[in-house]
Amino acid sequence: MTVKKADLDFANLPFAYMKTDFNVRYTWRDGAWDAGELSDSEFIPLHMAATALHYGQECFEGLKAFETKDGEVVVFRIEENAKRMADSCRKILMAAPPEELFIEAVYRAINANRRFVPPYGSGASLYIRPLVIGTGPKVGVAPTDQYMFLVFVTPAGPYFKTGFAPVHLIVEEEVDRAASLGVGDVKVGGNYAAGMRASMAAKKAGYTEVLFLDAKEKAYIDESGPANFFGITAEGQYVTPLSPSILPSITNKSLITIAQDMGLNPLRRPIHVEEIFELAEAGCCGTAAVITPVGSITWGDRKVVYGDGRTPQPKVTELYQRLTSIQCGDAPDPHGWVRVVPEE
Ligand code: PLP
Ligand code: COI
């Protein structure tokens, strides 16, 4: 069934919130999730002592839906987002939506907003934001027994407004994003609150984003504010940090497979910050960031520029093309990553 699209300039969308028709909400009470319901409200009734507000019982996910040239709507590696959300919930002692419920909720939210799925070829996608919050009241520090699982969607363009163009990073030495035995490996809101002042200061100083170091030794690269980091060595190897305090990016995991297909001999290993000067290419990757070439990295009073700093480098470009053509259904999907969203 074809739907009349919303009257939007889909090709020029920012990465920003926009009201759509519906979101879907499920409640956990008495030890079980309810059947959920669609809502056309952008607001949620919330107890003022909810654990989400006081003790950070909150986690979220991010994934995208694309329209293919045949007019189908597809999502990328949704099972991985379901698993990671369950990991996030478990780590901060929240009720976790089972995989089937996660998928059902995402499909319901997409189906209720099909007119907002950007058309094939627009370069935009429907960004899907599932979240779980502790809604029950607590004043003592302890998990609640009431949760809300909500999914909203918003049509969106690239996270970095320049799209597929080099960004400029600065190594962050004053602020830690996540402790090594903390919650940096799950997608909880507190990690973003912790990194926000570093990102804002970097932007004010003219950089696109920060590159966080590991909090323990302050010597190894962790990740950027909204995305993982990877490099291509002079020998043509895809390398990406191995660290207990970075988010296990589904995009990065996919790029490791694609890099294998390209013969780039991918490897996760600790990457000392000094190594930025030896890399041939560098990139950031994530659902929102897709693959973003890194044009330069500043570390204290030193700076490395990749290529001319303005033109995407060849391997990063090939990774981008391979990934995005699988995601929007233009290329075969040899690894079984893409799911067609069934119409209701
Ligand atoms: N790292 C951080 C801190 C992120 O917020 C994200 C985005 O989700 C990523 C990495 C990339 O993860 P993914 O590729 O699963 O979107
Ligand atoms: C995503 O890529 O989906 C994220 O959640 C990153 C966020 C900082 C926009």
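VAL141 versus ALA234, label points 7 Å from Cα toward the beta carbon: distance in nm?
4.8
Please report the antiparallel percentage of the DSSP beta bridges confined to segment 152-291, to the nearest 5.
Bridges in segment 152-291 are about 65 percent antiparallel.
Could you check the simple spin-label distance between ALA11 and ARG197, using points 7 Å along Cα→Cβ, in nm with one decimal?
With each label point 7 Å from Cα toward Cβ, the separation is 4.4 nm.
Please find the FRET efficiency linking SER41 to ARG268, where r is the Cβ-Cβ separation and R0 is fixed at 45 Å, and quote it to the nearest 0.05.
Calculated value: 0.60.
How long, wide and thick is segment 280-344, going by the Cα atoms along their three principal axes, in whole angstroms, largest first?
Taking the Cα atoms of segment 280-344, the three principal extents are 56, 22, 18 Å.
Structure shown: which of LYS161/LYS187; LYS19/LYS253; LYS91/LYS203 lie over 29 Å apart, alpha-carbon to alpha-carbon?
The answer is LYS19/LYS253; LYS91/LYS203.
Quick one: the Cα spread of segment 171-271 along its three principal axes, in angstroms, biggest first?
Dimensions of segment 171-271 along the principal axes of its Cα atoms: 39, 30, 23 Å.
Please list, in order along segment 240-248, the HN-Hα scalar couplings obtained from phi with the Karplus expression 6.51 cos²θ - 1.76 cosθ + 1.60 (θ = phi - 60°), rounded to whole Hz, x for Gly and Pro.
Those phi angles translate into 8, x, 9, 7, x, 10, 10, 6, x Hz.
Taking each pair of different alpha-carbon atoms in the chain once, compute 1/r for the pair, average those values, and report the inverse of that mean as the Kirkwood hydrodynamic radius in Å to one decimal.
20.8
With θ set to phi - 60°, apply the Karplus curve 6.51 cos²θ - 1.76 cosθ + 1.60 along segment 274-279 and write out the HN-Hα couplings as whole Hz, x wherever there is a Gly or Pro.
Listing the rounded values in order: 4, 5, 4, 6, 9, 5 Hz.
Using only alpha carbon positions, build the gyration tensor of segment 186-344, then give the equivalent ellipsoid semi-axes as the square roots of 5 times its eigenvalues, largest first, whole angstrom.
Listed largest to smallest, the semi-axes of segment 186-344 are 26, 20, 15 Å.
Kindly write out, for segment 168-176 in residue order, the coupling ³J(HN,Hα) from the Karplus curve 6.51 cos²θ - 1.76 cosθ + 1.60 (θ = phi - 60°), rounded to whole Hz, with x marking Gly and Pro.
Coupling constants for segment 168-176: 10, 10, 10, 6, 8, 10, 8, 10, 9 Hz.
Could you give the semi-axes, largest first, of the ellipsoid that matches segment 1-92, computed as the square roots of 5 times the alpha carbon gyration tensor eigenvalues and rounded to whole Å?
Equivalent-ellipsoid dimensions as semi-axes: 29, 18, 15 Å.
No value in this document is a laboratory result; all are computed from the given coordinates. Here the structure is a predicted model, which is why all the values come from computation and not from measurement. So basically every Cβ, Gly included, is an ideal-geometry build from the backbone, and we count neighbours across all protein chains shown.
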